[in-house]
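Data block below; observations after.
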Amino acid sequence: MSASRTLLFFSLLMCYIITLTSNLIGTETDWFLSFLLPIFDCWLLSLLAGLLNKIKLGIVVSIPVVAILFSELLTVFFYHSNFTIYVILLLFETNVQESTEFIQAALAHPGTWYAVVITILAGIAAYYLARLSRKPFKYKKSLAFVAFALVAWSGIRQVSAYYKLYRCFSSASTVVCNDTRFIPHLNTPFVRLAYGAAFNMATSAELDILEKTVAATTVDSCSYRCPLIVLVIGESFNKHHTPLYEKDYLPTTPLLMQQQEKGNLVVYTDAVAPFNFTSNAFKYMLSTWDEESGDEWTRHTLFPAVFKKAGFCVDFYTNQFAMAQTDMWDFAGGTVFNHHGLSELQFTHRNPDIFDYDGELLRELPPTDSLTAQPTLLIVHLRGQHVKYDNRYPQAYAKFTPNDEKTPFGGQTGREIAAHYDNATLYNDAVVSTVFEMLKNTDGIGIFLSDHGEEVYDWRDKYERTNERTITPEIARYQYEIPLMFYMTDTFKVRHPDVAEAVTTSADRPFISSDLCHLLFYLGGISIADYQEKRNILSPQYDKTRKRIIGSSTDYDELMRDFRH
Ligand SMILES: [Zn+2]
């Protein structure tokens, strides 16, 4: 049993070293849980190794355990990250050439050698601890009792993590894996690895089905009602931080206000997003699926693919999901765009690189002439006001200071962060207006909406978005409400009086961004089986009583009924 005892001490030591180094490097794992939870994992694995040792097969467990722990320590040094969904994806996707390159890069990186030395030292220490633990010593009994209590305590906690992992593995559905109720505490290397693997397997299973569905997209007919549609998708836009929605707020959107005064911009008052994080918001926004479809999300096509099939040129310029540029926080959205087959089926042109500022992305956009040369859907996807706000705008837009901010929350830090946010919104105003300006002399229509909202010290000492079990009206208001607006050129209004009329008169209708595709199909004049007239906000048959479910289960309108400022 001594080999398995060594394994127990080694794996525990390594778990604690990984927690320590990752916290030093700044990945912030919870100290308490990261101390407690690995005890049961390590005990279970060493027990297994001990049992297998009886038939001389202990190494079947111990070699993978050593490899996993060493790999995570290496990941901490190399990527400054623990095992995450994204790191596991990288490992999955790395091909032979890349792994050779990785090994070359790793050998040259001092972190690799730290990891090697630390692992060897942990092995030696574990060997001596195991030997020591077999000898009689004072307090051995009490220590054994404490150890037993810790194993039992962490065991109770870990059983729920194992159950959640099982749910994610067996469902093969990212919706289940992403559901906060089924995300295990990611406090041990083994759980992190298993969760990353389960999530990636679910994603790839879903994407394979989705690709088949999208490839089979059929369009009945297309009238090209509006031959140039420009969809600008913002990021983390809190609509209560602009006078477009809150009359007395700081002037964070002067250019869009000008367009509104000129009568070219129509601001919609009542739009929400189904989720407060990018990847799920995008899944719902892109897909023709909705909760009433009664089947899987993967069985419905994506609107860019429909436009491409209908003969539109579909250009996608994104400052987040450029090919091979996925970010950790937007994993699922990134794969829907960057899955090679799906990207081909959806888009005609894409940008290869992302930029620090959204304004730099605009330089990559095709010139107006080429946009009008054939029916075109141009999708511009911004980084908008995503944290960190101070990185989202160039110095020239540093207009608001903490003294301008009236928030009573968060003290000086709150006012500083709010000022950065408002400056980012000011810059976003310039970016969105520049895109719309491109349409000036064309027959184009522009739409701007955000993927979701953002909290910025609006009602408590907090910014960013949160993951509470219960959505309160305040959370809904700041994190789920989104801006939605239409830009119509004068030419457009003359050539499409019916559409212009519908756009102007529908501004107070309730909207959820998962219905975006129906609006777009109408504008494109695309007839397709998945189109639903009652979901097209511009249609006289629009269903204003449609339930707007946010965060999977909360009825937004019900929640806000008694909460209106
Ligand atoms: Zn987002």
- Query: What order do H185, H518, H340 take when sorted by accessible area (1.4 Å probe), most exposed first?
  - Reply: H340, H185, H518
- Label-to-label distance, nm, for residues given as K399 and V60 (7 Å Cα→Cβ offset): 6.8
- Setting aside same-chain residues fewer than 8 positions from K399, which lysines have a Cα under 22 Å from its Cα? K239, K247, K388
- Item | Kyte-Doolittle mean at least 0.5 and Cα axial length at least 24 Å: DSSP H helices in the chain | 2-25, 31-53, 59-79, 110-134, 189-215
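For segment 269-403, what is Rg from Cα atoms divided by 2.2 N^0.38 Å, rounded to two decimals?
1.17
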- Which of the cysteines found in the chain have nothing to pair with, since no other Cys Cβ lies under 4.7 Å from theirs? C15, C42, C222, C226, C313, C517
- Straight-line reach check, K212, cutoff 23 Å on alpha carbons, 8 or more apart in-chain or any other chain, hits among lysines -> K283, K308, K309
- Task: Give, as a single signed number, the net charge of other residues whose beta carbon lies under 13 Å from the beta carbon of V176, with Lys and Arg counted +1 and Asp and Glu -1.
- Result: 0
- Query: What percent does the relative contact order of the chain come to when contacts are Cα pairs within less than 8 Å and at least six residues apart?
  - Reply: 17
- Note on the structure: Carbon/sulfur accessible area of segment 89-206, % of total, 1.4 Å probe, equals 72
- Item | Estimated FRET transfer efficiency when R0 is 22 angstrom, pair D562-E291 (beta carbons, to 0.05) | 0.35
- segment 75-168 shape via C-alpha gyration tensor axes, a/c threshold 1.5: oblate
- Alpha carbon centroid spacing (whole Å) that separates segment 494-565 from segment 355-429: 26
- Item | Pairwise FRET efficiency - E344 versus W31, Cβ, R0 = 35 Å, nearest 0.05 | 0.15
- At 222 nm, what helix-only mean residue ellipticity would the chain give, in deg cm²/dmol to the nearest 500, using -39500 (n - 2.57) for each DSSP H run of four or more? -16000 deg cm²/dmol
- Message: If I model a spin label at R495 and T472 as a point 7 Å from the Cα along the Cα→Cβ vector, what separation in nanometres do I get?
- Response: 5.0
- Query: For the chain, what class follows from the C-alpha gyration tensor (a ≥ b ≥ c being the square roots of its eigenvalues): rounded when a/c is under 1.5, otherwise prolate if a/b is larger than b/c, else oblate?
  - Reply: prolate
- Add +1 for every Lys or Arg and -1 for every Asp or Glu among the other residues with Cβ under 15 Å from the Cβ of T372, and state the total. -2
- What is the set of long-range amide H partners of V272 at a cut-off below 5 Å, with H atoms built 1.01 Å from backbone N? I482, F511, I512, S513
- Query: Straight-line reach from K440: which aspartates and glutamates have Cα under 20 Å away, leaving out those fewer than 8 places along the same chain?
  - Reply: E261, D315, E364, D369, D429, D490, D498, E501
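At a 10 angstrom cut-off on C-beta neighbours, averaged per residue, how do the peptides 520-533, 448-461, 496-509 rank from highest to lowest?
By packing density, highest mean first, the sequence is 448-461, 520-533, 496-509.
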- Query: For the pair S81 and F355, what calculated FRET efficiency results from E = 1/(1 + (r/R0)^6), where r is the Cβ-Cβ distance and R0 = 22 Å, to the nearest 0.05?
  - Reply: 0.45
- Item | Label-zone membership for segment 171-209, site L47, 7 angstrom Cα→C-beta point, backbone N under 19 Å | 188-191
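The values are calculated or read from the model by the stated rules, or taken from the named source; none is laboratory data. Keep in mind that what you see is a predicted model, and the values were worked out from it rather than measured. Positions of Cβ are generated from backbone atoms using ideal geometry, with glycine treated the same way; all protein chains shown enter the neighbour counts. Heavy atoms of the whole protein, side chains included, go into the accessibility calculation; ligands, DNA and RNA do not. Shrake-Rupley method; radii C 1.70, N 1.55, O 1.52, S 1.80 Å.
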